[in-house]
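To keep things clear, I will list the structure first and then write my remarks on it.
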Amino acid sequence: MNEGGGVLLVPRQPPVAAVSPCAAYSTPVMGIPTPSPFSFSVASTRWSSSRPYNHVFSLVLRAMLMVFSFGSSLALAVTMSNTQQEEKGFQDFPELVYSFAVTTCAFIYSAYQLFKGIFDIAFKGIFISDKTSEYTSFILDQFAGYLLVSSSSVTALMINQPQLAGNTSLKKAAVASVCMSVAAFLSTAVCAILSGYKLSKRIMW
């Protein structure tokens, strides 16, 4: 302030930008989006809901394998009584004995897999772990399929041999055994494909 002239001097202040309160709240805040737990629950629900259907389909195949392998063994087993009628039974031919042994082993293996599948569905796989089961099933299914193919081939070649020319009952039993054995092999092949799919899904995913 200048006392002689009577003039009052006021210092100037820099301008301040006015900010609206609404603009402060309307400014978007960039952050990391958090995934919704609902997406994980939906994915896990779909996976868990589709899993029993695979088990049921596998159980149906195991049941078919058990029935066909049992029928193949039974067709040969009924010829054991031919010795009383002066006709040879299957036990007199090593090829038919081999076929009977293979189909019997296939029946036992399919019964085990069927029991295990029912146990896994009822008690959620506490009998054997899923990883061990998939590895063993993949190996044993292929081995069982190979044995069924070989036994069917041996029995089919035995049908046209001269040794069975006069033995009508044994020849019919051999034909029935081959048909059942081939059906059992087809069931085993589908089981092997399904086991390979489960194992590859576990390794890759």
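Take the Cα of Gln161, step 7 Å toward its Cβ, do the same at Phe123, and the gap between the two points is 4.5 nm.
Quick one: ranking Asp92, Asp120, Asp130 by accessible area, 1.4 Å probe, largest first, what do you get?
Ranked from most to least accessible, the order is Asp92, Asp130, Asp120.
Were the residues from Ser200 through Thr132 laid out at 0.36 nm apart, the gain over their Cα-Cα distance would be 23.1 nm. Full extension of the chain between Tyr146 and Thr168 gives 5.0 nm of extra length, using 0.36 nm per residue less the Cα-Cα distance. Backbone geometry of the stretch 179-194 corresponds, through the Karplus equation with coefficients 6.51, -1.76 and 1.60 at θ = phi - 60°, to 3J(HN,Hα) couplings of 4, 5, 5, 5, 4, 5, 5, 4, 5, 5, 5, 5, 4, 5, 5, 5 Hz, x marking Gly and Pro.
Fully extending the segment from Ile193 to Glu87 would add 34.0 nm, taking 0.36 nm per residue of separation and subtracting the current Cα-Cα distance. With N the number of residues in the stretch 128-205, Rg(Cα) / (2.2 N^0.38 Å) evaluates to 1.50.
Building the convex hull from the alpha-carbon atoms of the stretch 58-188 and averaging its projection over directions returns 7.9 nm².
The values are calculated or read from the model by the stated rules, or taken from the named source; none is laboratory data. It should be emphasised that the depicted structure is a prediction, and the values quoted were computed from it without experimental measurement. Virtual Cβ from ideal backbone geometry, glycine too; neighbours counted across all protein chains shown. These accessible areas exclude ligands, DNA and RNA; they are computed on the full protein's heavy atoms, side chains included. Shrake-Rupley method; radii C 1.70, N 1.55, O 1.52, S 1.80 Å.
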